[in-house]
Amino acid sequence: MARSRFKGKLLDLSLTLDGDQRLTIQLDGDFRQAYDELKDAEIDLTVAKHRERRSLDANAYAWVLIDRIAEKKRIPKEEVYRNAIREIGGVSDMVCVQDRAVKRLREQWDRKGIGWHSETMESKLPGCTVVILYYGSSSYDTAQMSALIDSLVQDAQALGIETRSPKEIQALLDEYGCVEGVR
């Protein structure tokens, strides 16, 4: 079964006389093979605004900083990483969970990776606990990754660790469409 992912632009939306909607899309890629396989089949379609994926170079640089900070502070890299995630905004959700389900939710969430971790807070609702679910950087868009690197750079500089220049870091982030700058 063909499964295709393309970047493109919406060109037109029209209505047939029967009231059906027809969407015209311009694709940046060759869809012909997938079209041949999917023609006349019922398909699932998701359309979302395009966002550039974050840079693997940016991810590698984040881990260099994490390693240097951990070495300087003499703490595990995982602790540095999780603390940095806690410090930036927009990378967590808070959910109110029945007390009996908290342990299982946290165990399952934490299995997703090092950065995927959770904390709890008391809820005002009887029988419930507020769980803060932090997302690991593997799920971050470029703006979130930019915020993470910015936070790590500030921490590194506060410890006297040499970092790339703001211009070099910004160039690394600009390459992948980051909108936030580095202080």
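Each value in this text was obtained by applying a stated rule to the coordinates, not by laboratory testing. Since this is a predicted model, take the numbers as computed values, not measurements. Here the Cβ positions follow ideal geometry from the backbone for every residue, glycine too, while neighbour counts run over all protein chains shown.
Determine the alpha carbon to alpha carbon distance for each of Lys49/Lys124; Lys39/Lys112; Lys103/Lys124 and list only those over 29 Å. Cα-Cα > 29 Å for Lys49/Lys124; Lys39/Lys112; rest within. Between Leu23, Leu125, Leu148, which gets the highest mean-square fluctuation from a Gaussian network model of the chain, Cα cutoff 10 Å? Its mean-square fluctuation being the largest, the pick is Leu23.
Going by the alpha-carbon gyration tensor, a ≥ b ≥ c the square roots of its eigenvalues, is the stretch 1-50 rounded (a/c under 1.5) or, if a/c is not under 1.5, prolate (a/b greater than b/c) versus oblate?
Values: a/c = 1.99, a/b = 1.25, b/c = 1.59.
Cα axes put the stretch 1-50 in the oblate bin.
Each label was represented as a point 7 Å from its Cα along the Cα-to-Cβ direction; for Thr24 and Lys9 these points are 1.3 nm apart. Calculate the translational D of the chain in whole µm² s⁻¹ from Stokes-Einstein, where the hydrodynamic radius comes from the Kirkwood formula applied to all Cα pairs, the temperature is 10 °C and the viscosity 1.306 mPa s. Result for D is 80 µm²/s.
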